[in-house]
Amino acid sequence: MTWTQLINEPFALLDGAMGTVLQQKGLQAGGEPVLLSLTQPDLVRSVHESYVEAGAQIVYTNTFTANRYKLKDASKVAEVIPAAIRLAKEAAKGRALVALDIGPIGQLMEPTGPMSFEEAYDIFAQMLSYSQGADVVVFETFTELYELKAALLAAKETTDLPVLCSMTFEADGRTFTGTSPMEMCLTLEGLGASALGINCSLGPKELLPLVSRLCRISSLPVFVKPNAGLPDPVSGEYRSSPEEFARELSVLARCGVRLFGGCCGTTPEHLAALKRELEQKPSDLPRLAEGKRENPAVCSGSLTVEIEGPCIIGERINPTGKKKMKQALLDGDMDYILGQAVEQANAGAQILDVNVGLPGVDEKEMMVRAVKAIQSVSDLPLQLDSSSAEALEAGLRVCNGKAIVNSVNGKKDSLESVLPLVKRYGACVVGLTLDENGIPPKAEGRFAIAEKIAGACDKMGIPRKDLFIDCLTLTAATDQENALETLKALRLCKERLGVKTVLGVSNISFGLPARELLNQSFLTMALYAGLDLPILNPNNAAMAGAVRAYRALAAWDTDSKDFVNCYSQREEDSRAVGMEEHSLSYCLENGLQKEAQEAARRALARTEPLELVNQAIVPALDRAGERFESGAIFLPQLIRCASAAQAAFEVISEAMAGQEQQRAQTVVLATVKNDIHDIGKNIVRTLLKNYGFSVVDLGKEVAPEAVARAVEREKAPLLGLSALMTTTVESMRQTVALVKSRCPQCRIMVGGAVLTEEYAKEIGADFYAKDAKAAVDIAKAVFAGGNTDRL
Amino acid sequence: MKPLCQSQWRTMALGFLKMKSAREEDWLGLFERGERLLFAHGCPRFSYVYRAFPLEHRQDEIAWEGSTLRLFGTAVRSHLQGCSQGVLLCLTLGQGADRAIRKAQAEDMALAVVTDALASAMTECACDEAEEEILSLDAFSSCGATSRFSPGYGDLSLSHQEEILKVLDAGRRLGVSVSSGGLLLPRKTVTAVIGLKEKKESRE
């Protein structure tokens with residue numbers, strides 16, 4: 001039977017555990033089963049045979065950990081996988097299909113762990129290149145959706161085989177990384193999986209709620225392989241008997257599960273019992289209903305946003321008209337971008353638009369960096385905003401979850417270059433109602449383009465609910481009809497095409513006074529006309545407020561709960577905050593960032609900028625430093641003071657705009673190779689920046705060569721290296737030696753919990769920084785050319 | 001299992017931050033904010049796995065019978081002296097803590113410093129809870145127990161981490177792994193050994 005035939009049967013049987021049976025035959029805890037395909041092939045073959053005889057229609061090859069990371073040797077992969085496939089085929093003798101079984105690599109993905117998306121992809125692609133002879137590929141026991149995405153993409157790009165994807169969940173319904181069946185489903189369906197499953201973690205009884213949920217939302221066949229109950233905590237043994245297991249698992253058949261097997265603790269007896277149980281009433285087994293999940297939805301790895309009622313898309317990560325964002329992109333300053341992401345999330349954005357296109361910036365490379373960085377601190381779904389298909393594709397590959405592509409339009413070029421990407425990566429797409437002739441002035445014209453885009457999506461196989469239409473806002477000042485035409489177009493698209501709608505409103509008020517008032521009003525009108533996804537700045541109280549008010553009045557916000565929570569708190573806050581005016585020195589000393597900016601602005605009215613820096617900011621920082629040294633204040637307060645100083649300094653330097661903005665003193669920072677601890681380095685980076693130094697942060701796990709190159713490139717007079725682990729001090733020594741030989745003028749400071757003054761000297765460093773403040777003192781002395789003997 | 005105690009983890013966090021002499025005003029509301037951030041990411045929920053093995057004290061190593069684990073080093077040999085059994089433990093606060101700390105770094109570095117200390121403190125308190133729960137089981141309640149001892153203490157090398165995780169199957173059961181430098185991931189993860197001996201009149 002082929003895969004296609006198998007999934008049309010009332011039910012099909014997978015196999016049971018390999019590891020359990022091997023352990024029964026003497027394999028020790030911690031031993032490596034996949035090598036047995038080479039050293040004890042008869043044993044492995046016999047396990048497969050006993051499952052086929054018990055009724056298995058698909059056997060999983062003994063390759064769960066056969067990746068080059070676990071095997072520590074790429075050439076072993078080339079031996080183990082073909083051998084395992086051969087053994088399975090020999091055992092099956094055509095009675096069962098052979099599934100190339102691939103488990104997680106065994107290393108955590110970035111940003112928590114050291115494995116990059118690209119490296120994971122590569123490792124899986126290598127395994128899949130040996131898939132000849134297998135009938136299907138199965139990825140199982142994954143807990144990290146990002147890793148499973150890399151695996152699935154590798155499979156789709158390396159083989160033509162059907163790909164089964166199974167994840168393992170905890171009792172709370174999520175994986176270790178926070179993924180629920182919904183994110184799994186949304187993401188993997190779009191990427192072309194052939195079946196979705198749940199395995200391991202729990203027994204059949206405990207899996208029932210999860211499996212039932214998956215069956216309700218999946219449009220692909222569902223497969224399950226539970227454990228034989230829960231393990232005994234002391235002995236580690238699984239306790240469910242074959243009959244118990246079979247009985248409990250057959251209950252899941254009523255949810256619509258199509259393929260059944262067993263994971264840890266199961267044996268051929270369990271499978272035989274399961275077969276007997278399922279054969280009793282095959283006609284009772286339901287099919288999965290077609291086309292579930294009415295609402296369009298997008299997701300990150302851990303959060304799904306269903307587009308039901310207005311959802312705010314935050315627009316701030318976009319250089320257009322934003323000086324600070326432009327500068328941040330040119331400097332590669334992720335801190336600023338991440339700050340904007342978190343700020344928008346805190347202000348109520350539900351999706352984040354990411355646009356990093358700017359002359360002078362490699363958009364493709366920056367898109368990848370930005371997406372990875374943003375999804376490391378925010379779990380909001382992303383909207384990738386670019387006119388470059390190349391940048392879009394690069395972003396779509398590394399984005400975790402189901403993203404939105406902004407945008408495609410009615411031009412032939414656009415449809416042909418963007419829609420294939422949308423299809424391949426399973427994204428949603430925003431369609432703009434413009435084409436080669438520009439933007440139609442009338443609603444019917446825009447509707448016609450929308451219809452054309454919808455038709456193109458249909459042809460491409462992109463589900464209608466993944467298409468969002470943006471009818472474009474034109475300026476009311478040039479033609480007063482513009483506002484109503486956009487809204488009319490919006491209504492037409494919604495009613496006749498069944499699509500959700502997107503809109504940015506601020507163009508409406510261009511050229512008129514009281515822009516915010518117009519924007520807010522137009523937004524409210526649009527929401528009433530059916531706008532689903534407004535693109536706006538959630539930090540803008542008027543705009544975000546309009547959405548909240550609409551949600552409350554249109555009953556999206558049940559009992560106006562969110563509205564009340566949001567605004568009664570604010571009223572309290574504004575009553576509580578006094579409108580005192582403090583001196584700049586007071587604000588700096590007390591770490592009051594916003595107040596320091598205000599105070600700086602007021603002070604500039606009567607004092608020269610440079611004088612202010614020397615009379616107020618520098619002394620305040622010095623005093624804070626002294627108080628930290630003496631234990632009167634602590635690290636959090638020092639950081640706060642320095643942040644306030646930085647904020648004040650920014651205001652003052654704008655006032656010094658005629659004067660030459662010197663390239664400030666540059667410090668290169670890095671955490672050495674094999675060490676991925678970085679909060680210590682990040683604290684040093686923040687303090688150095690706040691004290692006015694320019695910092696080039698190379699990140700974590702940086703190889704000696706990369707550090708040397710960066711120091712050369714930046715002509716940096718000072719390098720800071722941090723290491724947490726005793727195991728990585730050797731990397732530090734190598735790095736110091738390399739940098740000293742290539743850039744003798746560069747001074748090197750080292751820090752980190754494991755280091756001491758003596759050790760720092762021993763590895764050739766110039767300075768030892770016992771804490772972040774000491775790092776700042778060293779930097780000050782180095783750049784002042786002053787006496788560094790004391791340090 | 002008892003829920004973790006907030007005052008305990010706060011006290012410990014203050015120690016990590018070298019802020020024991022700080023007054024509550026000095027905390028700048030950061031402890032509340034840090035806790036809120038951690039709570040929003042699942043903390044202080046924790047999970048752990050453990051197994052018990054008979055120990056064989058050989059000349060240069062301690063073998064954990066029935067597994068592939070061998071411990072090398074004078075410090076651990078001295079710690080486990082006289083113990084006929086050992087409990088191997090791995091506990092983690094999970095990836096939520098890592099995410100919360102990264103988020104804090106993007107928002108406010110002062111908050112990040114405090115959040116990191118709070119998470120470390122929660123991990124320590126969780127280990128105390130887990131240890132208490134394990135040792136109160138029937139299988140162990142009549143034994144004398146040593147304190148926890150982890151790779152990185154004395155000369156017990158970090159290179160043992162990989163083997164410990166393998167033996168406990170902690171990768172699959174807890175989602176924990178170890179980096180090439182010996183760092184456990186997610187960051188707020190601990191492995192430890194506890195020695196068990198026949199109960200004597202005087203506790204160690």
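The values are calculated or read from the model by the stated rules, or taken from the named source; none is laboratory data. Note that the structure is a prediction, hence the values are computed from the model and not measured. Cβ atoms come from the backbone with ideal geometry, glycine included; neighbour counts cover every protein chain shown. The accessibility values were calculated without ligands, DNA or RNA, using every heavy atom of the protein model including side chains. Shrake-Rupley method; radii C 1.70, N 1.55, O 1.52, S 1.80 Å.
Just checking: which of the strands (runs of 3 or more DSSP E) contained wholly in region B:1-95 hold 3 or more residues that are in contact (Cβ under 8 Å) with a residue 12 or more places away in the chain and under 22 Å from A:L27 (Cα atoms)?
Answer list for region B:1-95: B:47-57, B:85-92.
B:A139 passes all but one of (1) in a helix (DSSP H, G or I); (2) open to solvent by 20 Å² or more (accessible area, probe 1.4 Å); (3) at pLDDT below 95; which number fails?
(1)
If only one of A:K70, A:K89, A:K93, A:K76 is within 14 Å of chain B (Cβ to nearest Cβ), open to solvent by 10 Å² or more (accessible area, probe 1.4 Å) and either touching a helix residue (DSSP H, G or I) at 6+ places or on another chain (Cβ under 9 Å) or without any contact (Cβ under 8 Å) to a residue 60 or more places away in the chain (or both), which one is it?
A:K70
If you check B:E35 against the conditions, is it open to solvent by less than 50 Å² (accessible area, probe 1.4 Å), modelled with pLDDT under 95 and away from chain A (no Cβ under 13 Å)?
Against the criterion (open to solvent by less than 50 Å² (accessible area, probe 1.4 Å), modelled with pLDDT under 95 and away from chain A (no Cβ under 13 Å)), B:E35 does not qualify.
Among the residues of region B:168-178, which ones are farther than 14 Å from A:T177 by Cα and either modelled with pLDDT of 95 or more or open to solvent by 10 Å² or more (accessible area, probe 1.4 Å) (or both)?
Across region B:168-178, the qualifying residues are B:D169, B:V178.
Could you tell me whether any residue of region A:199-210 is closer than 17 Å to A:P463 by Cβ and in contact with a Gly (Cβ under 8 Å, 6 or more places away or on another chain)?
Scanning region A:199-210 turns up no residue that is closer than 17 Å to A:P463 by Cβ and in contact with a Gly (Cβ under 8 Å, 6 or more places away or on another chain).
Which residue is nearest to A:R464 (Cα to Cα), if the candidates are limited to region A:399-426 and must be in contact with a Ser or Thr (Cβ under 9 Å, 6 or more places away or on another chain) and of a type in the set (S, T, Y)?
A:S407
Looking at (1) outside any loop (DSSP other than H, G, I, E, B); (2) more than 18 Å from A:P310 (Cβ to Cβ); (3) open to solvent by 20 Å² or more (accessible area, probe 1.4 Å), find the lone condition where A:L512 falls short.
So A:L512 meets the others, but not (1).
So in region A:723-743, with the set limited to residues that are within 14 Å of chain B (Cβ to nearest Cβ) and either of a type in the set (D, E) or not in a helix (DSSP H, G or I) (or both), which one is farthest from A:D675 (Cα to Cα)?
Here the answer is A:E730.
Return the total of residues in region B:107-125 being open to solvent by 10 Å² or more (accessible area, probe 1.4 Å) and either more than 8 Å from chain A (Cβ to nearest Cβ) or closer than 14 Å to B:H41 by Cβ (or both).
Total meeting the criteria: 4.
Does B:R187 fit the bill of being in contact (Cβ under 8 Å) with a residue 12 or more places away in the chain, assigned to a loop (DSSP other than H, G, I, E, B), within 26 Å of A:S116 (Cα to Cα) and open to solvent by 50 Å² or more (accessible area, probe 1.4 Å)?
The answer is yes for B:R187.
Could you list, in sequence order, all residues of region B:141-163 that are in contact (Cβ under 8 Å) with a residue 24 or more places away in the chain, more than 9 Å from chain A (Cβ to nearest Cβ) and farther than 19 Å from A:D675 by Cβ?
If the condition is that a residue be in contact (Cβ under 8 Å) with a residue 24 or more places away in the chain, more than 9 Å from chain A (Cβ to nearest Cβ) and farther than 19 Å from A:D675 by Cβ, then B:S142, B:C143, B:G144, B:A145, B:T146, B:S147, B:R148, B:F149, B:Y153, B:G154, B:D155, B:L156 are the ones that fit.
For region A:171-180, does any single residue satisfy the condition of being within 22 Å of A:L6 (Cα to Cα), away from every other protein chain (no Cβ under 12 Å) and of a type in the set (S, T, Y)?
The answer is no, given that none of the residues of region A:171-180 is within 22 Å of A:L6 (Cα to Cα), away from every other protein chain (no Cβ under 12 Å) and of a type in the set (S, T, Y).
When you scan region B:72-106, how many residues do you find that are within 30 Å of B:R36 (Cβ to Cβ), among the hydroxyl-bearing types (S, T, Y) and either more than 10 Å from chain A (Cβ to nearest Cβ) or touching a Cys at 6+ places or on another chain (Cβ under 9 Å) (or both)?
So the count comes out to 0.
Tell me the helices (runs of 4 or more DSSP H) entirely within region A:1-60 that contain at least 1 residues that are buried (at least 16 other Cβ atoms within 10 Å of the Cβ), out of contact with any Phe, Trp or Tyr (no Cβ under 8 Å at 6 or more places or on another chain) and of a type in the set (K, R).
A:41-54
Would you say A:S194 is without any contact (Cβ under 8 Å) to a residue 60 or more places away in the chain, more than 14 Å from every other protein chain (Cβ to nearest Cβ), of a type in the set (G, A, S) and open to solvent by 10 Å² or more (accessible area, probe 1.4 Å)?
Taking the combined requirement at face value, the residue does not satisfy it.
I'd like the residue in region A:705-722 that is surrounded by fewer than 21 Cβ atoms within 10 Å (Cβ to Cβ) and not hydrophobic (A, V, I, L, M, F, W, C) and, out of all such residues, is farthest from the other protein chains (Cβ to nearest Cβ).
A:K715
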